1. Would a scan of segment 78-87 turn up a residue that is assigned to a helix (DSSP H, G or I), within 20 Å of N137 (Cα to Cα), in contact (Cβ under 8 Å) with a residue 12 or more places away in the chain and of a type in the set (G, A, S)?
2. Residue under question is L46, and the condition is that it be in contact with a helix residue (DSSP H, G or I) (Cβ under 9 Å, 6 or more places away or on another chain) and either surrounded by 15 or more Cβ atoms within 10 Å (Cβ to Cβ) or outside any loop (DSSP other than H, G, I, E, B) (or both); does it hold?
3. In segment 88-103, how many are surrounded by fewer than 18 Cβ atoms within 10 Å (Cβ to Cβ) and either hydroxyl-bearing (S, T, Y) or not in a strand (DSSP E or B) (or both)?
4. Mind telling me which of the residues I82, I74 ends up being among the hydrophobic types (A, V, I, L, M, F, W, C), closer than 16 Å to C147 by Cβ, at pLDDT 95 or above and surrounded by 15 or more Cβ atoms within 10 Å (Cβ to Cβ)?
5. Here are the criteria: (1) free of Cβ contacts under 8 Å to residues at least 12 places away in the same chain; (2) within 18 Å of the chain's Cα centre (by Cα). Tell me which single one A72 does not satisfy.
6. Checking L142 against (1) buried (at least 20 other Cβ atoms within 10 Å of the Cβ); (2) of a type in the set (A, V, I, L, M, F, W, C); (3) more than 14 Å from the chain's Cα centre (by Cα): exactly one of these is not met. Which one?
7. If you scan segment 109-133, which residues turn out to be of a type in the set (A, V, I, L, M, F, W, C) and either surrounded by fewer than 20 Cβ atoms within 10 Å (Cβ to Cβ) or in a loop (DSSP other than H, G, I, E, B) (or both)?
Amino acid sequence: MAFICLSAAVARPSGAREDAAPAYNSSNLIRLHVVAPGDDAQSQRLKLAVRDAVLEETGKLLQSAEDARDAARILQGNLSHIETSANAAVARSGTSYRTRAGLGMFPFPNVSYGSASLPAGDYLALKVEIGPALGANWWCVLFPPLCPVDLDRARILELAAAPPGNLDSLRAPIRSGGRLFTLEFA
């Protein structure tokens, strides 16, 4: 791994600036935050169904977005469509919760998506709340797209090892400074 990192540093183009902005930072991305109605298994499944519906809808909407500002404009103009997609996912699940979608600045903890890491801080985000929004949450980078849905499969393995009803391992505190987590695949 050290060789790969060293090679990347040596291979930097001669005109590249040392202080160039990281590929993902709070000024050039939009995050997605989906909050479940509760921590029970049904609420967590519902959260993932809503996440999938929102990712499908926003994937279509953001295909033509040129930058984060353009993506934010598109999302803001389509919040009702995003809510409609989220509410349809809820209806398919047989529950009667309503969803709320909003675009704004929200606090996030330190988080790592594979090799990309984001520091804790306030980020522009599309936040989708389901019902009372009291459960464990799910987040990713919506634009530019970095929503590794497959990471949830690794988290399911983590949950399977936890005692029944214990979803604390799926909750990363948002207001208390958060935590850094990294998933490694063999």
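1. yes
2. Yes: the conditions hold for L46.
3. The total comes to 8.
4. Result of the check over I82, I74: I82.
5. (1)
6. (3)
7. The answer is A116, A120, A133.
The values are calculated or read from the model by the stated rules, or taken from the named source; none is laboratory data. What you see is a predicted model, and the numbers here were worked out from it, not measured in a lab. FYI the Cβ positions are ideal-geometry reconstructions off the backbone, even for glycines, and counts take in every protein chain you see.
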